[in-house]
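Each value in this text was obtained by applying a stated rule to the coordinates, not by laboratory testing. Fair warning: this is a prediction, and the values are worked out from it, not measured in the lab. Ideal geometry is used to build each Cβ from the backbone, glycine not excepted, and the neighbour counts take in all protein chains shown.
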Amino acid sequence: MLLKSNSSHNSVKRYLKEEFSIGSKFVSLNKDIKRNISPIELKGSMLVSDLINFYDLQGVQVNLYNSDGISIPRRLTLERASEFNLERSKDSDFESLISSLISMSNTSDYSDIEWIKRIFKRAIKKIPTPEDVEILKDLLAKVYSNNDKFLSSDFDEISELFP
């Protein structure tokens with residue numbers, strides 16, 4: 001598809017969806033617009049950044065996303081963009097949960113006890129190694145001792161979930 005500055009956004013949306021399974025959103029910006037922009041060929045080898053820059057020169061912001069609604073990085077080609085998936089490893093998700101629990105265990109001001117319990121429950125489900133069980137148990141004990149709002153019943157509820 002030859003993309004010109006006067007090409008309909010709806011036709012570009014349809015083309016991106018049909019050819020590459022890419023969703024798009026166009027937003028007009030209040031900025032100076034260049035009128036004489038050279039047309040470009042909309043094809044699989046085109047970088048997402050080139051398409052974004054083409055519209056940026058026209059005062060239009062374009063956002064591209066895959067079928068899961070995840071924003072597509074600029075470095076990908078249109079052809080590869082539909083395959084983009086933001087996967088995190090189980091270990092990185094577990095590490096993120098541990099970081100949150102460490103922060104919560106270092107303060108007595110955290111009052112959303114249900115949130116703390118949900119984080120513990122998610123972390124327990126994702127425990128990658130036996131050593132991590134001990135880390136979580138230590139964090140649970142620390143939360144219990146540092147936070148007066150975290151009751152013994154909360155402690156017992158979480159303790160029962162450990163393998």
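Worth pointing out:
- Value at 222 nm in deg cm²/dmol, rounded to 500, when DSSP H runs of n ≥ 4 in the chain each add -39,500 (n - 2.57): -15000 deg cm²/dmol
- Mean sequence separation of contacting Cα pairs (under 8 Å, at least six apart), scaled by the length of segment 90-159, corresponds to a relative contact order of 40 percent.
- Label point distance in nm, Ile135-Asn53, each placed 7 Å from Cα along Cα→Cβ: 4.2 nm
- When the Cα convex hull of segment 90-159 is projected onto planes of every orientation, the mean area is 4.0 nm².
- Efficiency of FRET between Ser11 and Arg80 - r from beta-carbon atoms, R0 22 angstrom, step 0.05: 0.45
- Between amide H atoms placed 1.01 Å from N, distances below 5 Å from Leu3 occur with Ile40, Glu41, Leu42, all of them 5 or more places distant or on a separate chain.
- Panel order for Lys17, Lys125, by other beta carbons found within 10 Å of each beta carbon, from fewest to most: Lys125, Lys17.
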